[in-house]
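K.L.:
Have a look at this one.
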Amino acid sequence: MKRASRRHVAVLLAAAGFSVPLVAFSQAKYPARPVTLVLPAGAGTGVDIIGRLGAQKLSEVLGQPVVVENVVGASGVIGVQKVTRAKPDGYTLLFAFNQAITMNPHVVANLPYDPQKELAPISRFAASPFVWMVNAQVPVKTFPDLVAYAKSHPGKLAMGVTGFASAAYLGSQLLAYQTGAEVLPVNYAGNFSADLMSNVVQLSMSPAAQVPALVASGKVRALAQTGSRRAEGMPDVPTVKETVPGFVIDAWYAVWAPAGTPKEVVAALTTAWQSVASMPEVKERLAAMSAVAVGSTAEELNELSRTETKMWGDVVKARKIAPAQ
């Protein structure tokens with residue numbers, strides 16, 4: 001008697017009333033052990049908060065532990081580099097937001113990786129705006145107030161930024177270019193929320209995930225969000241473009257593997273992350289942080305990365321921003 005094929009066995013079992021999806025056969029070897037999710041940012045950042053949410057649910061989908069590893073430093077460069085140098089077997093993944101992929105190539109000198117060549121896109125997981133926040137002691141209540149104050153007091157407002165290659169730094173330069181409002185960027189290696197609350201720095205443009213806790217402290221005011229429209233979780237916070245037409249900066253979070261990861265593993269991971277993004281609990285928790293679940297294909301993530309990389313290149317060139325060491 002000829003040996004039945006796996007597909008034939010699956011069909012026979014299904015006909016007998018057993019639920020045995022073919023994917024269980026094709027992906028039986030992956031994952032066979034825990035997966036490491038590298039977050040190139042510190043604790044309490046948007047990458048950390050949203051990444052840990054994704055990791056928790058991904059472990060349920062994969063049936064294996066997903067170990068989170070925060071790798072901090074150099075505007076995300078160290079964490080990304082760790083993944084590009086990892087074995088391309090699907091057991092080391094990168095969870096980052098767009099700064100590390102689309103901005104760093106233009107503003108970090110001697111960048112030790114090429115994200116287009118050394119990373120394999122998996123899926124875009126979530127998207128949210130940044131939020132301009134100001135210490136409550138600063139005499140501004142609205143974003144127009146902020147623009148006017150910064151124009152009349154150039155350089156007086158210290159703005160916390162996590163590296164001069166960060167989205168916040170580029171956001172400050174874009175604002176100065178469009179309005180003439182000059183602030184003083186102050187570089188931090190990690191989370192500076194404590195200094196914002198204590199008025200060591202007066203201003204920030206932070207991921208929306210960090211906003212609820214800061215505003216709840218009563219020491220910080222949210223002035224405006226950078227998305228193309230008001231987020232459902234912050235309907236009372238206006239967009240920057242309502243004051244400065246054309247100022248739109250989105251923060252999005254996505255997953256990559258080292259280049260060379262087998263296509264079948266990439267496909268399995270894409271499906272897994274899409275499953276996580278579709279979970280009602282995940283959507284609810286992201287909404288509470290003024291973020292939306294996305295769950296894109298690998299191809300969609302690749303196209304977005306390329307388009308945005310070109311856009312930031314044009315901005316950096318127009319502003320004549322020199323790459324930071």
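Derivation of every value follows stated rules applied to the coordinates shown; laboratory data play no part. Fair warning: this is a prediction, and the values are worked out from it, not measured in the lab. Heads up, the Cβs are rebuilt from the backbone with ideal geometry, glycines too, and the neighbour counts pull from every protein chain shown.
K.L.:
Straight-line reach from Lys117: which lysines fall under 16 Å, measuring Cα to Cα and dropping same-chain residues less than 8 apart?
P.N.:
Lys82, Lys87, Lys263, Lys310
K.L.:
Given points 7 Å out from each Cα along the Cα-Cβ axis, report the Lys156 to Lys117 separation in nanometres with one decimal.
P.N.:
4.9 nm
K.L.:
Turning to a different aspect of this structure: Just to be sure I understand the model, the point goes 7 Å from the Cα along the line to the Cβ. What's the resulting Lys263 to Ala322 distance in nm?
P.N.:
Label at Lys263, label at Ala322, 4.6 nm between them.
K.L.:
Quick check: the distance between the Cα centres of the range 73-96 and the range 234-311, to the nearest angstrom?
P.N.:
Comparing the Cα centres of the range 73-96 and the range 234-311, I get a distance of 18 Å.
K.L.:
How large is the charge dipole for the range 129-242, taken about the Cα centre, if only the Cβ atoms of Lys, Arg (+1) and Asp, Glu (-1) carry charge, to the nearest 20 debye?
P.N.:
Around 100 debye, computed over the range 129-242.
K.L.:
Mind ordering 109-122, 87-100 by average Cβ neighbours within 10 Å, highest first?
P.N.:
Order by mean packing, descending: 87-100, 109-122.
K.L.:
Near the amide H of Ala120, under 5 Å away, which other amide H atoms are found, from residues 5 or more places off or on another chain, if H is placed in the peptide plane?
P.N.:
When sequence neighbours closer than 5 places are left aside, the close amide H contacts are Ala257, Ala259.
K.L.:
Above 35 angstrom, tally the Cα pairs of the chain and express them as a % of all pairs, no decimals.
P.N.:
Tail fraction, whole percent: 25.
K.L.:
Around Ala126, which amide H atoms from residues at least 5 apart in sequence, or from another chain, sit under 5 Å from its own amide H, with H modelled in the peptide plane?
P.N.:
Sorted by chain and number, the residues that satisfy this are Tyr253, Val294, Gly295.
K.L.:
May I ask you to work out the translational diffusion coefficient for the range 129-242 at 25 °C, viscosity 0.890 mPa s, via Stokes-Einstein with Rh from the Kirkwood sum over Cα pairs, reported in whole µm²/s?
P.N.:
Answer from the Stokes-Einstein relation: 178 µm²/s.
K.L.:
Quick one: 3J(HN,Hα) in Hz for the range 139-156, Karplus 6.51/-1.76/1.60 with θ = phi - 60°, rounded, Gly and Pro as x.
P.N.:
Karplus values, whole Hz, x for Gly and Pro: x, 9, 10, 9, 5, x, 4, 4, 4, 5, 5, 5, 6, 8, 10, x, x, 6.
K.L.:
Only Cα pairs under 8 Å and at least 6 apart count here; give the relative contact order of the chain as a rounded whole percent.
P.N.:
26 percent
K.L.:
Give the long-range amide H neighbours of Thr239: residues separated by 5 or more places, or on another chain, with amide H under 5 Å away, using H modelled in the peptide plane at 1.01 Å from N.
P.N.:
HN-HN under 5 Å from Thr239: Gln225.
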